[in-house]
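*Asks:* Sending over a structure as structure tokens; questions will come in a sec.
The values are calculated or read from the model by the stated rules, or taken from the named source; none is laboratory data. What you are looking at is a predicted structure, and each value in this text was computed from that prediction instead of being measured. Positions of Cβ are generated from backbone atoms using ideal geometry, with glycine treated the same way; all protein chains shown enter the neighbour counts. The area values use the complete protein model at the heavy-atom level, side chains included, leaving out ligands, DNA and RNA. Shrake-Rupley method; radii C 1.70, N 1.55, O 1.52, S 1.80 Å.
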Amino acid sequence: CPLYNHLILVNFNHNKEYLLSLQKEGIQIVPTSFYGTPDVEWEDIIIKPKVSNAGQKVQKLKAANLLKPVSSEYLIQKFMPEIVKGELSLIYFGMDYSHSVRKIPAKGEIRVQHFYGGTYKTEKAPDCLIKQANSVMESLWPEPLYARLDFIEDKGQWYLSECELIEP
């Protein structure tokens, strides 16, 4: 199939462990455990496959109900209640910020995709978030033709939840 972003970026982006690489670069990501057990301070957690798309097999549960470590094929993230307000997706063409979209989950849902009832609306990203997203873009190599960077706000801080470099 044709690739529009470089194969190096596609290989980097196909497994959500890329978030660990970005975190090591100083990018603030949603608090994440890549090793099968949640942080002891997390009450609610999200479990998601490291390789997936469109919210498939994503689960929310109480950390106390996790009876054994999850498979290495999954990661665990701290549930951020602010997701009910939606995530803000910043769209880039090349290294240039183009626009933003607020993706809001349906009531009672945490996934924002439209087939789970999510709704989308355009929204201007705050300048501080654009600056933060630009830092994410600068850490990507080779330079992408396009990118979507998803962020969740928590107590005035923005956390990267996903980079989309495969599906335009």
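*Asks:* Could you identify the single residue in K68, K50, K62 that is among the basic types (K, R), farther than 20 Å from W158 by Cβ and within 17 Å of the chain's Cα centre (by Cα)?
*Replies:* Values: K68 fails: within 17 Å of the chain's Cα centre (by Cα); K62 fails: within 17 Å of the chain's Cα centre (by Cα).
Testing whether each residue is among the basic types (K, R), farther than 20 Å from W158 by Cβ and within 17 Å of the chain's Cα centre (by Cα) leaves just K50.
*Asks:* Against the condition in contact (Cβ under 8 Å) with a residue 12 or more places away in the chain, in a helix (DSSP H, G or I) and open to solvent by less than 30 Å² (accessible area, probe 1.4 Å), how does L90 come out, does it pass? Can you show your working first?
*Replies:* Details: in contact (Cβ under 8 Å) with a residue 12 or more places away in the chain: yes; in a helix (DSSP H, G or I): no; open to solvent by less than 30 Å² (accessible area, probe 1.4 Å): yes.
Taking the combined requirement at face value, the residue does not satisfy it.
*Asks:* Pairs needed: first member in the stretch 4-25, closer than 14 Å to M137 by Cα and among the aromatic types (F, W, Y); second member anywhere, outside any helix (DSSP H, G or I) and at pLDDT 95 or above; C-beta distance under 7 Å; at least 6 residues apart or different chains.
*Replies:* Y18/C163
*Asks:* Does L67 count as modelled with pLDDT of 95 or more, open to solvent by 50 Å² or more (accessible area, probe 1.4 Å) and out of contact with any strand residue (DSSP E or B) (no Cβ under 6 Å at 6 or more places or on another chain)?
*Replies:* no
*Asks:* Here are V112, V84: which of them is modelled with pLDDT under 95, open to solvent by 60 Å² or more (accessible area, probe 1.4 Å) and of a type in the set (A, V, I, L, M, F, W, C)? Full working, then the answer.
*Replies:* Working: V112 fails: open to solvent by 60 Å² or more (accessible area, probe 1.4 Å).
Matching residue, one of V112, V84: V84.
*Asks:* Restricting to the stretch 1-31, count the residues that are of a type outside the set (V, I, T) and outside any loop (DSSP other than H, G, I, E, B). Before the answer, list the steps.
*Replies:* In the first step, residues of the stretch 1-31 are kept if they are of a type outside the set (V, I, T); the result is 1-7, 9, 11-26, 28, 31.
Then drop every residue that is not outside any loop (DSSP other than H, G, I, E, B), which leaves 7, 9, 11-13, 18-24.
The number of residues fulfilling the criteria is 12.
*Asks:* Sticking with this one: From K131, K107, which residue is of a type outside the set (D, E), open to solvent by 60 Å² or more (accessible area, probe 1.4 Å), out of contact with any helix residue (DSSP H, G or I) (no Cβ under 7 Å at 6 or more places or on another chain) and part of a loop (DSSP other than H, G, I, E, B)?
*Replies:* Details: K131 fails: part of a loop (DSSP other than H, G, I, E, B).
Going through K131, K107 in turn, just one is of a type outside the set (D, E), open to solvent by 60 Å² or more (accessible area, probe 1.4 Å), out of contact with any helix residue (DSSP H, G or I) (no Cβ under 7 Å at 6 or more places or on another chain) and part of a loop (DSSP other than H, G, I, E, B): K107.
*Asks:* Quick one: how many residues across the stretch 24-57 are open to solvent by less than 80 Å² (accessible area, probe 1.4 Å), of a type outside the set (V, I, T) and closer than 24 Å to E167 by Cα?
*Replies:* Here is the first cut: in the stretch 24-57, the ones open to solvent by less than 80 Å² (accessible area, probe 1.4 Å) are 26-34, 36-39, 42, 44-50, 52-55.
Filter again for of a type outside the set (V, I, T), leaving 26, 28, 31, 33-34, 36, 38-39, 42, 44, 48-50, 52-55.
Subset that is closer than 24 Å to E167 by Cα: 28, 34, 48-50, 52-55.
The total comes to 9.
*Asks:* Those residues that are over 13 Å from N13 (Cα atoms) and either in a loop (DSSP other than H, G, I, E, B) or acidic (D, E) (or both), I need them from the stretch 144-167; list them, please.
*Replies:* Across the stretch 144-167, the qualifying residues are L145, D150, E153, D154, K155, G156.
*Asks:* Can you name the residue in the stretch 134-155 that is open to solvent by 60 Å² or more (accessible area, probe 1.4 Å) and among the hydrophobic types (A, V, I, L, M, F, W, C) and, of all such residues, is nearest to Y97 (Cα to Cα)?
*Replies:* L145
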